[in-house]
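These notes concern the structure reproduced below.
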Amino acid sequence: MHVDRNEFHPLEVDRIREDFPIFAGDSPIAYLDSAASSQTARCVLEAMDGYYESYRSNIHRGIYHISEEATAAYEDARQKIARFISARRASQVVFTRNTTESINLVAHSWGNANIGRDDEILLTVMEHHSNLVPWQLLAERTGATLRFIEVTDEGLLQLDDLDQLLTERTKLVAITHVSNVLGTINPVWEITAAAHSVGATVLIDAAQSVPHLPVDAQALDCDFLAFSGHKMCGPTGVGVLYGKRELLEEMPPFLGGGSMIRAVQRERSTYADVPARFEAGTPAIAEAIGLGHAVDYLEKIGLDAVHAHEQQIIDYAHQKLSEIDGITIYGPKPRMKAGVITFNLEGIHPHDLAGVLDTTGVAVRAGHHCAQPLMQHYGVIATARASFYLYNTMEDVDRLYDGALKAQNLLARRQG
Ligand code: 7TS
């Protein structure tokens, strides 16, 4: 079947691409690895430069002008992020380094206090290692048991089993909103409601959803939500943990040090209110300010529009790549997923494929994508993955297609 990309009507992305310095020049990269880390919008870079050039100083301590300015900009970023995910209060937004640290914070602070040896933690087989290893470590510390929602061959969660898996022993359900490998958008609202009906607490790994879809933490009713700035046009080094107020307020500190205390004596201390209690030491000030501007940028474009754009690209990518002989595409149909397509070409190692694609200026990720249990489910060691964002074009898909054919010509013949 011949696929004509003009049948699809992508959003106009030329103007959006001008907002990303990396795409300037005559032969821009076809950057298809935004699930690993997105590109940074110029307004984010300018906001961070503005801090360093004009009011760089520490926060929450200075009684001079530029420190007050830095504190205000940092707290303003917290407000913007709270609004972006529809948190009730800004104090429910804790700045961390990334999704991984947000989840570890919950595993230590909430987990150590609330999980015991007879308890169960329910995960899924499609979790990123970030939302698996912290719970394995917690289970080792406490003697708790990990249980798993299976994945169907189509790449959806096997939710028929949910009623059996959720029992009065289930204390925590920790699930990804969107799979970083398959792109599957999981029905997290339904799972959260079912988990709450047995009294379990729910953490949603939103690393791949908050950057790409409208996410409303209050509507989802999740107890915790974790995501990273670097996947949403923001800088590296800053992430977010959202939590319900009553849970955060009960939780003991994770890291100890400056900024998180109320009063310190030789032998003991009392701790600050949330969110400061969980932000020990000097935080990533410029990065938090940059993330606030990334949120402004995404809000201006609209997350519905971003998602619709990715759906068009992923529709086209599915049709186009399906034309290739010997391709296996993993995961659900385009309509049920975000902008990720994961595949293998028969007889070609995905690392070799990625190497050939790189020679044509196409950047994809190849490997296990930090989701080894999911690879084991599919009986593969690695896959190639192209992931799309608001700045990608149909032409990027064509370049991926052409590069895949080139790899087949170069490698399949040699290996075959
Ligand atoms: N959870 C999911 C669903 C992810 O996709 C990632 C990163 C993380 C957690 C961890 O985020 P971090 O910012 O703490 O590292 N995913 C990927 C990826 O797919 N390729 O590289 C990183």
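The values are calculated or read from the model by the stated rules, or taken from the named source; none is laboratory data. Keep in mind that what you see is a predicted model, and the values were worked out from it rather than measured. Note that we place each Cβ from the backbone using ideal geometry, even for glycine, and neighbour counts take in every protein chain shown. Remember, those area values only see protein heavy atoms, side chains included, never the ligands or the DNA or RNA. Shrake-Rupley method; radii C 1.70, N 1.55, O 1.52, S 1.80 Å.
Working with all protein chains in place, sort Glu18, Glu250, Glu127, Glu150 by solvent-accessible area computed with a 1.4 Å probe, largest first.
I get Glu250, Glu18, Glu150, Glu127, largest accessible area first.
Under 28 Å between C-alpha atoms is the cut-off here; go through the stretch 217-344 and count lysine pairs that meet it, provided they're at least eight residues apart or on different chains.
So the count of such lysine pairs works out to 10.
Report, to the nearest whole %, how much of the accessible area of the chain belongs to carbon and sulfur atoms, 1.4 Å probe, protein only.
Here carbon and sulfur together make up 48 percent of the probe-accessible area.
Quick check on the stretch 108-157: what does the Kirkwood estimate of hydrodynamic radius come out to from the alpha carbon pairs, in Å?
On the way: mean 1/r = 0.0868 Å⁻¹.
Computed over Cα pairs of the stretch 108-157, the Kirkwood hydrodynamic radius comes out at 11.5 Å.
What translational D, rounded to a whole number of µm²/s, comes out for the chain from Stokes-Einstein when the hydrodynamic radius is the Kirkwood one over Cα pairs, at 4 °C and 1.567 mPa s?
58
Let's test the formula: R0 of 35 Å, r as the Cβ-Cβ distance of Arg169 and Ile327. What FRET efficiency results, to the nearest 0.05?
0.25
Can you list residues whose amide H is under 5 Å from Ile261's amide H, if they're 5+ apart or on another chain and H is modeled 1.01 Å from N?
Here Ala272 satisfy the definition.
What does the convex hull of the Cα atoms come to per residue for the stretch 166-269, in Å³?
143
Once you put a point 7 Å from the Cα of His351 and another 7 Å from the Cα of Ala276, both along the Cβ direction, what distance in nm separates them?
Going from the His351 label point to the Ala276 one covers 4.9 nm.
Mind giving me the FRET efficiency for Asp76 and Gln265? R0 is 41 Å, r the Cβ-Cβ distance, nearest 0.05 is fine.
0.75
How many nm is it between the label spots at Cys43 and Asp161, if each spot is 7 Å from the Cα in line with the beta carbon?
4.4
How far apart, in nm, are the 7 Å Cα→Cβ label points at Glu12 and Ser197?
4.8
Order Met375, Met336 by their accessible area, 1.4 angstrom probe, all chains in place, largest first.
My answer, sorted largest first, is Met336, Met375.
What Kirkwood radius, in Å to one decimal, follows from the Cα pairs of the stretch 73-115?
11.4
Give the ranking of Glu287, Glu69 by solvent-accessible surface, highest area first, calculated with a 1.4 Å probe.
Order by accessible area, largest first: Glu69, Glu287.
How high is the FRET efficiency between Ser27 and Asn409 when r is their beta carbon distance and R₀ equals 25 Å, given to the nearest 0.05?
Working from the Cβ atoms, E equals 0.70.
Kindly report the accessible area of the stretch 100-167 per residue (heavy atoms of protein chains, probe 1.4 Å, no ligands, DNA or RNA), in Å².
With all protein chains present, the stretch 100-167 gives 41 Å² per residue.
For the chain, what is the mean residue ellipticity at 222 nm derived from helices alone (per DSSP H run of n ≥ 4: -39500 (n - 2.57); sum divided by total residues; nearest 500 deg cm²/dmol)?
About -10000 deg cm²/dmol.
Report Ser67's accessible area, 1.4 Å probe, all protein chains in place, as a number in Å² to the nearest 10.
Surface accessible to solvent at Ser67 totals approximately 0 Å².
With +1 assigned to the C-beta of every Lys and Arg and -1 to the C-beta of every Asp and Glu, and no other charges, what is the dipole magnitude of the stretch 262-416 about the Cα centre in debye, to the nearest 20?
Computed charge dipole of the stretch 262-416: roughly 500 debye.
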